[in-house]
Amino acid sequence: MITMTPTAADRVTKFLANRGKGVGLRLGVKTTGCSGMAYVMEFVDEVQEGDTVFESQGVKVIVDPKALVYLDGTEVDYAKEGLNEGFKFTNPNESARCGCGESFSV
């Protein structure tokens with residue numbers, strides 16, 4: 001299961017409204033960085049066959065089966081810290097995270 005905090009869901013809802021279309025948010029991983037994987041987010045206009053769809057706080061979070069292995073149990077949050085703001089991931093599957101915080105390993 002993938003969940004979103006109310007703050008993250010509100011941010012995604014506003015992005016989708018400004019975009020004017022979309023059914024939800026795709027959460028995935030890609031190979032990169034010094035620890036191996038990085039989170040990837042993109043808006044989804046249609047769900048693909050085989051995707052798993054979770055609904056959290058009124059937002060659909062779409063995950064393909066290959067990424068679900070790495071993301072199951074993840075909570076997505078949105079935070080502002082000083083001049084920085086962005087989505088934060090609390091993933092129980094992470095075994096390590098690089099020093100810059102851009103990538104992780106399982």
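In the stretch 21-63, which residues are in a loop (DSSP other than H, G, I, E, B) and polar (S, T, N, Q)? Spell out the reasoning first.
The first filter runs over the stretch 21-63 and keeps only residues in a loop (DSSP other than H, G, I, E, B), leaving 21-23, 33-35, 45-51, 57-58.
Once the filter is applied, which keeps residues that are in a loop (DSSP other than H, G, I, E, B) and polar (S, T, N, Q), the stretch 21-63 yields SER35, GLN48, GLN57.
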**Asked** Could you say which residue among ALA8, ALA17 is of a type in the set (A, V, I, L, M), at pLDDT 90 or above and over 15 Å from PHE89 (Cα atoms)?
**Response** ALA17
**Request:** Would you point out which residue out of GLY24, GLY28, GLY58 is under 16 Å from VAL106 (Cβ atoms) and touching a residue at least 12 places away in the same chain (Cβ under 8 Å)?
**Result:** GLY28
**Prompt:** What residue, among those in the stretch 50-100 that are small (Gly, Ala, Ser) and more than 16 Å from MET37 (Cα to Cα), is modelled with the lowest pLDDT?
**Reply:** GLY82
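Within the stretch 40-72, can you find the residues that are hydroxyl-bearing (Ser, Thr, Tyr) and out of contact with any Pro (no Cβ under 9 Å at 6 or more places or on another chain)? Please lay out each step first, then the result.
Applying the first criterion (hydroxyl-bearing (Ser, Thr, Tyr)) to the stretch 40-72 yields 52, 56, 70.
Matches in the stretch 40-72: SER56, TYR70.
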**Filtered residues of the stretch 26-43 (kept if surrounded by 18 or more Cβ atoms within 10 Å (Cβ to Cβ), over 14 Å from THR74 (Cα atoms) and within 16 Å of the chain's Cα centre (by Cα))** = MET37
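The values are calculated or read from the model by the stated rules, or taken from the named source; none is laboratory data. Not measured: the values here are computed from a predicted model. Virtual Cβ from ideal backbone geometry, glycine too; neighbours counted across all protein chains shown.
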